[in-house]
Each structure stands twice: as C-alpha cells, then as structure tokens.
Amino acid sequence: AAARRRVVALAVRESRRRAWPRRAARLWSLAGRGAVLAALYAPAALTAGLLLCGESARKWWWGLLRACARRAGPCSVKFAQWAATRSDLFPAAVCNGLRDLQTGTGSRDVPWSEARRQLAGSWDLLDAELEVHEVPIGSGAIAQVYRGRLVDGREVAVKVVQPRVRRQIEADVELARAVVSSLEYILPSMVWLSLSESVEEFSTLMMGQLDMRNEARALARFRRNFARDRTVRFPEPLPLPLPQGDFIHQLVLVEELMDGSPLSAHLDAPADVKRRIAQLGLHAFLKMTFIDNFIHCDLHAGNILVSQDKGAAATRLVLLDTGLSTSLAPEDRRNFLDLFRAVVLRDGRLVGQLMLERARDQRCDDPEAFISEMSAIVDEVLGSGLQLRKLQVAALLQRVLSLCYVHQVKLESRFMSVLLSIGVLEGLGRSLDPDVDLLTAAAPYVMRAAAAAAIAGDAQPGTG
C-alpha cells in the first residue's frame, strides 16, 4: 500500500510538472491580450478630457473611441453595438457616439484581393461564376461585404470572414473565462449569477459566426419561418459549386442583395412612420421568440433595412446578419413559455414559484421569501403596464439577478441570451415608439405558443 501511494504521489507530481508549461503559456497569453486591450484603448483613455471641450473636440474623441473598439476586435464591437441601443443605461452622448458602429464596424477595409487569399484554391472554380467589386460595401465585426454579379446578371452580396478574426475572438473569450473564474474563486457566491455559463454561451454564438455555413442555414430557416409573412424578409443564400461538394463555403457566403435603407436613417422620421416600423420589428421578434423558437440575437439598427415596394405604400423590414441566432431546448422552451404565460396573467407568485421549481440548480433556504420578493418585483413592474417609455429591462434584469444571487437560484444561460436580445430590441424600440406596451403586444403570441405546446404535450401544467 505504501509503495502504491508513493507511485501515485510521483505520478501527481509528474503531471503537475508537465502541466506547468501549459499553465504558464496560458497566463502569458492572457496577460498579453490584457496588455494589448489596454494599449488599444489607451489613446481614448488619455484624451478623455476632450469630452469637456467643444463640440468638434468631443466629436473627434468619439471617433477615436470607435476606432479603438474596431481595433480591439469583434467582442468589443458587439458590446459597443449593444451599448448604443441602451439609452436607459448610458447618456445620450454615449449612445450617439457609438451608434456609427452599427453600420460600419470593421477593423479596416480589407481589399478583395486580400480577402480571397483566405479561400486558398476554393475560389478558383467560381471566378467564372461571379464577378466581385474590389471595394467593400459593408464592414462588420466578423465579416466584410462586397457587391458581386453572377453570370446571369443578378447582383449579389458576397460576405467574407475577415482575416485573423478567429484568433481575436478566442483570445477575448479566454480572457473573459479567466476573469470570471477568478471572480468566482474570490467570491464563490457569484456562481449563482451564471457568469461562466453566459461566457460559454457567448463563446458558442460568436464562434458560430465564423462559419458562413451556419449563417446560410439560419437564413434558410428564417426564410421558411417567415415564408407567408409579407412584412419581414431575409436574403436568400445562393448555392454555388465548390470542389468539396459543398454549396456554401466556410469563409464566404453569397446571398441575395437586398434593397432598403438602414433603420438608423429613419430614427428622425415622422411619428407614424416610426410607429409602423416599431410594430413590424416587434411582430418579427415576438414571432421568432414565442412561435418559431429561433431568435435573431443581433437586431441592432445596422442589421435592419427598411424597404418599400415601388409604387406601393407597404413598408417591409429586411433582417440581415443572422449568424448570431439561438433557440431553446425543449425543456428550456417549456419553462420559458410557462414563465412568460405567468407574466401575461399578471401572476407574480407563479413567476417566483416557476423560477424556483424549474431551476436546474438552487440552494434557496427560504423559498417563501424568494417567491414573495419576486412577486413584488413582477407586480410593481406590471402595475403600470409594460410601455417602453417606463420599462427599464436592464434595471429589471439587475433586480432579478440580485434576488437570484441572494437566494442562490441559478438562471439558465440561454434565458440570459434571450433576455439580452429583448434588451437590445427594447432600446431600439424606445427610440422608435416609446408608447408601445410590450405586455399587450406579447400576450397573443405567448398564449398561442403555450396552447400549442400544451396540445403537443410539450408543456407541464402551471404551478399554483
């Protein structure tokens, strides 16, 4: 037995010795990425005093901050895009200063000649099929978009993943993991905020955007879901012959070129026009969330075009950049529908009971206190309706998370993704029509989805 213990001890020491170089390399990599981010944002930090100067100086500084975010990579850009929609969290100057990142977010304009080098020999067979203009017409956090023309004369959009973007995302996600892991080690109770799960969910969504085949599949699914809806359109992904036998390349997507003007150009439109756009956007999102269970998680103004048929007064929305999409697993969807059904029924206690009973991990010592406090939050919010003018999703989410933190009830990370998507849409909706009542608008979608789930035997009866 003693000899066996010595062998085990030696094996453990050898394992630790071999693991040390990898651990040291990881720490060095994280420190390096942190130093790079600090250096990238240093110019904006050192010149922040310009915000106290005249208008031209402030305008220059916001341009500098946007440039810093672009150079910092896709994760920084995604956060800035979200911040630009949150007028309830940030001053108007911040939202206005970051808004340009929603329509032009690339770190730099990558010429077509450089972009196509990523494709190695895969593009050779397509030169006869497609002519591509050298100058980008759009630049996003993940990819750049070029105008192209097929041999049959159709104009198309050619979307190509930017060079080196994968390494930036991997580095930022690894840094986020390290920060969250350190926080949970120092403060073990922070595990109830589901930060680690949220980072992994974010990582999965961001890494999925690097494969254009995922976006093509998402576009096809959205087009099926909205096939009978004349108010919302998605571009059609176009199949092209590739030597591997695929129809969509991992690094490039050719899709229908859509007509329309950016939503941001309509923020100063007449009230009735903005109200109609808000209604269409809300309809699309509620249908995705409650009926289709396939949700576009990146609906900022830069990914929405407003289109009108020639000679017709009908307004339509064109939704782009579907790479950041998600759906709920059957059990999570059942819980999600039951929870929102309780909200629509204005039953605060049922909301608290469902959150507690359906949580996959909870160590609540006082269930009645949790249910009562959650009921008080819900009743307070619903007391005056859910008009965007009054609703503060971020503040509400913060209160719910704080309550879950205190009572050690863990929320699902996929729930967080959906709620954050609602937060982005809420900020956009407030700038278009602050009088929209979310509860009134959502009620028919929620009840229809809950009824369909019950008929299909996919929902459990509510508690209470």
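Assuming a ≥ b ≥ c are the square roots of the Cα gyration tensor eigenvalues, decide whether the stretch 182-308 counts as rounded (a/c under 1.5), prolate (otherwise, with a/b larger than b/c) or oblate.
Judged from the Cα gyration tensor, the stretch 182-308 comes out oblate (a/c at least 1.5, b/c at or above a/b).
Distance in nm between label sites at M207 and R224, each 7 Å beyond Cα in the beta-carbon direction?
Label-label distance for M207 and R224, simple model: 2.6 nm.
Pulled fully out, how much extra length does the chain show between L401 and S327, if you take 0.36 nm times their separation in residues and subtract their Cα-Cα distance?
Stretched fully, the L401-S327 segment lengthens by 24.5 nm.
What order, most packed first, do the peptides 343-351, 46-54 have when packing is the mean number of other Cβ atoms within 10 Å of each residue?
343-351, 46-54
Give me the accessible area of W60, 1.4 Å probe, in Å² rounded to the nearest 10.
So the heavy atoms of W60 present about 140 Å² to solvent.
Starting from the Cα-Cα distance between D272 and W60, subtract it from 0.36 nm times their residue separation and give me the gain in nm to one decimal. Kindly include the intermediate steps, with their values, before the conclusion.
On the way: separation 212, 0.36 × 212 = 76.32 nm, distance 3.42 nm.
Gain on stretching D272 to W60: 72.9 nm.
The values are calculated or read from the model by the stated rules, or taken from the named source; none is laboratory data. In this text the structure is predicted, and so the values were computed from the model without any measurement. Because the Cβ atoms are built from the backbone with ideal geometry, glycine has one as well, and the counts that use them run over all protein chains shown. Just the protein is used for accessible areas: all its heavy atoms, side chains included, with ligands, DNA and RNA removed. Shrake-Rupley method; radii C 1.70, N 1.55, O 1.52, S 1.80 Å.
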